[in-house]
1. Take G108 and decide whether it is touching a residue at least 24 places away in the same chain (Cβ under 8 Å) and not in a helix (DSSP H, G or I).
2. Please go through segment 43-57 and give me each residue that is among the polar types (S, T, N, Q) and in a loop (DSSP other than H, G, I, E, B), ordered by number.
3. Residues being surrounded by fewer than 14 Cβ atoms within 10 Å (Cβ to Cβ), of a type in the set (A, V, I, L, M, F, W, C) and within 15 Å of A96 (Cβ to Cβ): count how many of those fall in segment 118-153.
4. In segment 120-152, what count of residues is obtained for those that are of a type in the set (F, W, Y) and either part of a helix (DSSP H, G or I) or touching a Cys at 6+ places or on another chain (Cβ under 8 Å) (or both)?
5. If the Cβ limit is 7 Å and pairs must be 6+ apart or interchain, which residue in segment 45-73 that is farther than 18 Å from G99 by Cβ pairs with which residue that is at pLDDT 95 or above and among the hydroxyl-bearing types (S, T, Y)?
6. So which residues in segment 111-138 are touching a residue at least 12 places away in the same chain (Cβ under 8 Å), hydrophobic (A, V, I, L, M, F, W, C) and closer than 17 Å to R167 by Cα, if there are any at all?
7. Could you check V73 against (1) outside the structural domain of Q33 (by TED's automatic domain parsing); (2) more than 25 Å from R165 (Cβ to Cβ); (3) of a type in the set (V, I, T) and say which number it fails?
8. Residues of segment 154-184 being surrounded by 11 or more Cβ atoms within 10 Å (Cβ to Cβ), modelled with pLDDT of 75 or more and either among the hydrophobic types (A, V, I, L, M, F, W, C) or not assigned by TED's automatic domain parsing to the domain that holds A139 (or both), which ones?
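The values are calculated or read from the model by the stated rules, or taken from the named source; none is laboratory data. Small disclaimer: the values here were computed from a predicted structure and weren't measured. Here Cβ is always computed from backbone atoms with ideal geometry, including for glycine, and neighbour counts include all displayed protein chains.
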Amino acid sequence: MDQPSPQPPTPPSKPPPSPTTRSLAEAGDAEAQFSLGFCFASQGSEPDYLQAAHWYQKAADQSHALAQFNLGVMYDRGQGFPREEERSMMWIGKAAQLGDAGAQYMLGMRRNRLGLEQAPAAALESRIEAYKWLQLAAAQGYNHSEAGCETVALSMTHQEVIESRRRIAAFVPGESELSCIIKK
């Protein structure tokens with residue numbers, strides 16, 4: 001007689017945030033705001049994305065890179081609000097600029113996909129940027145970044161790779177691209 005296959009266990013719900021975390025978050029502590037957002041986003045089978053987005057937004061506004069990345073992913077997936085690609089890219093870009101490897105990887109992969117859909121001149125810029133972001137993520141050991149970088153490099157000329165490497169060498173985490181241009 002066939003036995004029904006066992007069901008995977010339901011992941012336990014995260015315990016509610018401590019009163020200390022909540023009071024620190026309400027007082028403006030970015031790390032506590034991020035932690036609170038994470039608690040709401042990972043509440044077992046029924047995450048509260050509205051609350052997660054609220055707290056991630058507060059931390060992201062204070063340049064908390066992981067909160068920016070998570071907020072960008074939530075905009076991409078439509079969690080807590082309607083899906084909005086432009087805002088997703090903005091937050092992921094901010095996190096990448098601060099040095100978050102996951103954001104750099106995601107930005108590099110998106111720039112690569114975008115380059116496949118663009119006119120030649122715009123596609124050139126997208127490939128150079130894709131290579132830069134993927135290489136920066138790979139330098140931090142982020143999974144699959146090296147393979148992504150190799151894929152992008154296959155469609156680049158030697159000069160494009162050199163330009164991308166120049167941008168990598170000039171990259172300073174936390175410094176906006178605009179301020180790098182102004183310093184030149």
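1. Details: touching a residue at least 24 places away in the same chain (Cβ under 8 Å): yes; not in a helix (DSSP H, G or I): no.
So G108 does not fit the description; no.
2. Q43, S45
3. 0
4. Step one: of segment 120-152, the residues of a type in the set (F, W, Y) are 131, 133, 142.
Cutting the leftovers down to either part of a helix (DSSP H, G or I) or touching a Cys at 6+ places or on another chain (Cβ under 8 Å) (or both) gives us 131, 133.
Residues flagged as of a type in the set (F, W, Y) and either part of a helix (DSSP H, G or I) or touching a Cys at 6+ places or on another chain (Cβ under 8 Å) (or both) within segment 120-152 amount to 2.
5. Listed by first residue and then by second, the contacts come to nothing, as the list is empty.
6. Just the residues of segment 111-138 that are touching a residue at least 12 places away in the same chain (Cβ under 8 Å), to begin with: 111-112, 114-115, 124, 126-137.
Remaining after also requiring hydrophobic (A, V, I, L, M, F, W, C): 114, 124, 128, 130, 133-134, 136-137.
Residues satisfying the conditions are L124, I128, A130, W133, L134, L136, A137.
7. (1)
8. M156, V161, I162, I168, A170, F171, V172
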